[in-house]
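No value in this document is a laboratory result; all are computed from the given coordinates. As the structure is a computational prediction, the values presented were derived from the model and not from experiment. Quick reminder, even Gly has a Cβ in these numbers, built from the backbone with ideal geometry, and neighbours come from all protein chains shown.
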Amino acid sequence: MPAVEDVKRIAEIEFVDIVKVTSQTDYKLRIFLINNSFIDVYLSQRLPDKFGFHWECKNEKGTFYRYDNFPDKNWQKIETFPYHFHNGSQDSVEASPFPLSPIEGFRAFMEFIRNKLKYQD
């Protein structure tokens, strides 16, 4: 499992155009974006190789996007289970469109957000 510092570095260097500031607490990273929304990054300390990337969209009340691999039994029929993507809400779940490795998955998730932010302007 990558360290939080690795993910933080990627956010601050590779996505400097959309990242305003980051805040780290142990295994959790919060990334504040230029539109005042935020991303929470969870790297599990108890469950090996489990992660979650959650983008809370403040401009769209109740809308969020989350890519994670926590084995929620509700999503067992998803072809990439346990990897899955919440596309806008808790119940709108689909197969992961992102790479399955935490680092490459994080980069792809951040690219997804960058593209969404471009079209919000």
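Exposure proxy shown here: for 41, 93, the number of other Cβ atoms within 10 Å sets the order, fewest to most, as 93, 41. Listed options for Kirkwood radius over Cα pairs in Å are [x] 17.2; [y] 14.5; [z] 18.9. The value calculated from this structure is the one marked [y].
Tell me the relative contact order for the chain as a rounded percent, counting alpha carbon contacts under 8 Å between residues six or more apart.
16
Among the listed pairs 58/118; 8/50; 50/77; 50/116, a Cα-Cα separation exceeding 21 Å is found for 50/116.
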